[in-house]
Amino acid sequence: MRCGYANYMATTNRLEGMKVAILVENMFEQVELTEPRKALDQAGAQTVLVSPQTDQVQGVNHDDKGDKFDVDLPLDRASADDFDALMLPGGVANPDRLRMNAKAMQFVKSFVDAGKPIAAICHAPWSLVEIDAVRDRRMTSWPSVQTDIRNAGGIWVDEASVTDQNITTSRKPDDIPKFNEAMLHLFEESRTRGELRQTTRV
């Protein structure tokens with residue numbers, strides 16, 4: 001699988017100058033943080049691990065505990081205004097805990113309201129459901145989340161990655177290569193549009 005990463009990472013658009021928040025709680029699916037984060041870092045983005053936890057967060061490998069990761073920025077001190085994009089890893093417990101946290105949901109909503117790009121994988125679209133951000137959007141997710149997306153007015157499809165406007169979603173760890181490719185493309189497009197807007201203002 002890593003050969004696939006190397007192949008598309010060599011040709012992907014670069015993300016120099018972009019600052020990307022990665023929002024997680026304890027018990028996130030570890031590979032859904034580490035591999036997308038690696039892709040973002042290799043593309044030149046600055047990634048910042050944001051969490052309601054202030055010290056470390058616990059990853060999981062399916063049902064087994066994985067590694068602990070240092071929190072770069074506690075949620076209490078984070079502002080969407082300081083970031084260009086948001087990445088949401090999945091796992092079952094992680095997004096379930098986040099959607100019960102009003103500050104976390106306000107953080108995500110601020111990206112939606114500002115039209116900033118968001119990439120969410122597996123169970124992570126639960127956060128988007130919680131803030132009513134899936135209505136009329138074409139999305140995918142882990143299969144068990146599809147009813148929640150449909151009940152919230154979204155259009156669920158069974159595809160490896162789906163991008164609708166400024167949100168990219170994906171189903172599961174096996175889809176990470178396609179998820180990463182779609183995420184990098186979305187983030188790069190957003191960065192380019194931002195540069196064009198800045199040029200227009202000058």
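With respect to the conditions (1) outside any strand (DSSP E or B); (2) touching a residue at least 40 places away in the same chain (Cβ under 8 Å); (3) among the small types (Gly, Ala, Ser), residue 21 lacks only one, and its number is (1).
Annotation note: Cβ proximity below 8 Å between a residue of the range 26-53 that is touching a residue at least 40 places away in the same chain (Cβ under 8 Å) and closer than 21 Å to residue 161 by Cβ and a residue that is assigned to a helix (DSSP H, G or I) and of a type in the set (Ser, Thr, Tyr) (sequence gap 6+ or interchain) occurs for 35/5; 39/5. The set of residues from the range 44-54 being part of a loop (DSSP other than H, G, I, E, B) and β-branched (Val, Ile, Thr) comprises just one member, 54.
Listed by position, the strands (runs of 3 or more DSSP E) contained in the range 55-97 that have at least 2 residues being in contact (Cβ under 8 Å) with a residue 40 or more places away in the chain and within 21 Å of residue 133 (Cα to Cα) are 85-88.
From the list 182, 114, 119, 160, the lone residue that is under 27 Å from residue 38 (Cα atoms), of a type in the set (Gly, Ala, Ser) and surrounded by 20 or more Cβ atoms within 10 Å (Cβ to Cβ) is 119.
Read the figures in this text as sums done on the coordinates, not as results from a lab. Small disclaimer: the values here were computed from a predicted structure and weren't measured. In this analysis, Cβ positions are derived from the backbone assuming ideal geometry, glycine residues included, and neighbour counts consider all displayed protein chains.
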